[in-house]
Amino acid sequence: MDAAEFRKRGKEMVDYVADYLEKIEKRQVFPDVEPGYLRPLIADCAPQDPESFEDVFKDIEKIIMPGVTHWHSPYFFAYFPAASSFPALLADMLCGGIGCVGFSWAASPACTELETVMLDWLGKMVDLPEEFLAGNDGQGGGVIQGSASEATLIALLAARTKTIRQMQSEKPELTEAEIMGRLVAYASDQAHSSVERAALIGAVKIKNVPSDDTFSVCGSALKKVLDEDKAAGLIPFFFCATLGTTPCCSFDKLLELGPICNKENIWMHIDAAYAGSAFICPEFRHLLNGVEFADSFNFNPHKWLLVNFDCSAMWVKKRSDLIGAFKLEPLYLQHHHQESGLVTDYRHWQIPLGRRFRSLKLWFVLRMYGVKGLQEHIRKHIRLSHQFEHFVLQDGRFEICAEVVLGLVCFRLKGSNELNEALLKSINDAKKIHLVPCHLREKFVLRFAICSRMVESTHIKFAWQHISQLATDLLKTWEQNHHQQ
C-alpha cells in the first residue's frame, strides 16, 4: 500500500468507524457466537501472496463484528465505562503515524515533554496538591501507564525497594531475603484483584483489611491489622486505598488511613481507576480529600474521561522513589541531556521500556472538550444512574445494595442468590442489554454501570422496563416451581 492508496483507504476506514459508532445501538450488544467460532472462518496459516485491502475489509463484518461485544453501545451497562471520542481516535491515528518509541527524552522530546505537561494539566483539573505536579522544579510528577494494574504494581515495587534500603541502612545485618520474607502489603477486602496480583508479582505477602458496612476501610480496621502484624515481627510497607471500588463504588476513608500510613512509614497508593475522573467536578472533589497523605495516586482517563484506551494517569510525590527503584543505564539508552534536570526519561517510571505517544490523545481531548465539556459528560452519567436508582426504588420487589454516588447502581431482587443468578442469566441471554454481577458480603448483586458516551435517558428507561418484565416472568415460573415442589 502506497501513500496514495493509504489516503483513499484511510478515508474509507474513518467512514466505517464513524458509521459503526453512529449506528451502534442497532447492533446486538453481546455476540451470539460460541467459543472457537473464529478459527474455521479464516485460513490455517498466513497467505504466501499479498491480498487486497478489499478482501481484508470485507472480512471485518463477516468475521470480526459477529464476535464483538459492543462496549460503546448505549445498551452496555457492564464493568465500568471504556472511554471513546472522535478527538481521541484522531490523536491515536497520529500517534500510530509518528510511531516513535518514547522511552527517553532523546528518543522523542515532544513525546516526553507533552506527557509531563498533560499530567500537570490533569492534576490541576482534579485539584491535586502541588507536590504531585512536576511544574518547573517540583519533586513529583505524572506518568501515563497502560492500566491501573500497572500503576499499582509500579507503586508496590517502588515501595518495596524503598523499604528494603531503609531497613538495610538501619540494620545492616539483615539480608534482602530476610526483609522480603517479612514484608506485608494491605488493601481492602473490596479492592480490585490486580492489587493482589501486584503482590504476587512483587513476591510479598498481602492481607485484606476488612471493610465496614458501607464497604469502606476505616482507620481503626487498618490499625488493628498493623498492630497484630508488627507484634508478629512482620514489616508493613504498602497500603492500597481504593476510591470507587469495582464491586460497588465505595470509598476508603483516606482522612483516617493517611495519617496512620504516614506515622507507620507505609507507602499509601490510591487507586481511583474509575472514580478519579469525577473529581474534575467540584461537587465530587471532596471524595479525594486525604490525597495529601498519599505517596502515589492513579486514575484512568480511559474509563470515564473520553480518552481511548490505554491511558492511565499516575502521579507520585517523589519521582526519585520510582527512578531509584527501576533505573538502569546501558550505554545505548544514554543521551547527553539526561543530567540537565529538565529532562524526564519515562523508562524509569514504568514496567516496559517502550511506550506510545499516549499524551497526544489527552491533549486533543482536553482541548476539544474543555474542562466544562468533560464535567458535563460526567454529570450526565451520574444523573442517569440516579434515574435508574429511582426506578429500582419504586419497585418493591427490588432493593438497592450500596449507596449510589457516581455512575454505578448495585441492585437485586429481594430473595435468594439463586433467584438473582437466574435474573442475570435471563437478562444476558436476551442480549438486549449487558450486565455483570458482583458479590457484596454473601449477596449476589447485579451491577448497572452507565458506560456509553451515547447513552440517553431513553436507554435507561428501556433497560429498566426490560429488567422489570424479565423479573415478572421469572418470579411467575419461580413461584410455580416452588409450589410444585
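Brief remarks on what is shown
- Note on exposure: Lys253, Lys303 ranked by accessible area (1.4 Å probe, complete protein assembly) read Lys253, Lys303, with the most exposed listed first.
- With N the number of residues in segment 353-409, Rg(Cα) / (2.2 N^0.38 Å) evaluates to 1.72.
- Segment 100-356: C-alpha gyration tensor shape, a/c 1.5 cut-off, then a/b vs b/c: oblate
- Radius 13 Å from Cβ of Trp478, net charge of other residues (Lys, Arg +1; Asp, Glu -1): 0
- Anisotropy class of the chain from Cα gyration tensor, a/c 1.5 cut: oblate
- Accessible area in square angstrom per residue, the chain, 1.4 angstrom probe: 47 Å²
- With a Förster radius of 30 Å applied to the C-beta separation of Val371 and Glu131, the computed FRET efficiency comes to 0.85.
- What the Cα atoms of segment 28-154 give is an Rg and a Dmax of 20.8, 58 Å.
- Accessible-area composition of segment 100-356, carbon plus sulfur, in percent [1.4 Å probe]: 56 percent
- Applying the Karplus relation 6.51 cos²θ - 1.76 cosθ + 1.60 with θ = phi - 60° to segment 240-250 yields 3J(HN,Hα) values of 9, 8, 10, 10, x, 4, 5, x, 9, 6, 8 Hz, where x marks Gly and Pro.
- Across all directions, the average projected area of the convex hull around the alpha carbons of segment 226-326 is 8.0 nm².
- Probe 1.4 Å - accessible area at Ser169, Å² to nearest ten: 90 Å²
- Using heavy atoms of the protein chains and a probe of 1.4 Å, the accessible area assigned to His302 is about 10 Å².
- Among the DSSP helices (H) of the chain, those spanning at least 15 angstrom by Cα along their long axis with an average Kyte-Doolittle hydropathy of -0.5 or more are 86-98, 109-125, 148-170, 359-394, 417-430; this is a geometric and hydropathy rule only.
- Here the extension length gained between Trp121 and Glu34 equals 26.8 nm, from 0.36 nm per residue of separation less the Cα-Cα distance.
- Solvent-accessible ranking of Trp105, Trp71, largest area first, probe 1.4 Å: Trp71, Trp105
- One decimal place: the segment Gln166-Gln394 gains 76.4 nm when fully extended, by the rule 0.36 nm per residue minus the C-alpha distance.
- DSSP beta bridge pairing in the chain, given as percent antiparallel to the nearest 5: 55 percent
- Nearest-0.05 FRET efficiency for Gln334 and Val17, computed from C-beta distance (R0 35 Å): 0.30
- In the chain, the DSSP-assigned H stretches of four residues or longer account for a calculated mean residue ellipticity at 222 nm of -14000 deg cm²/dmol, using -39500 (n - 2.57) per stretch and the full residue count as denominator.
- FRET efficiency for the pair Lys223 and Lys327, taken as 1/(1 + (r/R0)^6) with r the Cβ-Cβ distance and R0 = 35 Å, rounds to 0.50.
- By a 1.4 Å probe calculation restricted to protein chains, Met125 has an accessible surface near 30 Å², given to the nearest 10.
- Counting 0.36 nm for each residue step from Ala231 to Ser193 and taking away their Cα separation leaves a gain of 10.9 nm.
- Of interest is the spacing of the C-alpha centroids, which for segment 154-189 and segment 4-35 amounts to 49 Å.
The values are calculated or read from the model by the stated rules, or taken from the named source; none is laboratory data. This one's a predicted model, so the numbers in the text were calculated from it and none came from an experiment. Heads up, the Cβs are rebuilt from the backbone with ideal geometry, glycines too, and the neighbour counts pull from every protein chain shown. Accessible surface is based on the protein model in full, side chains and every heavy atom, while ligands, DNA and RNA are left aside. Shrake-Rupley method; radii C 1.70, N 1.55, O 1.52, S 1.80 Å.
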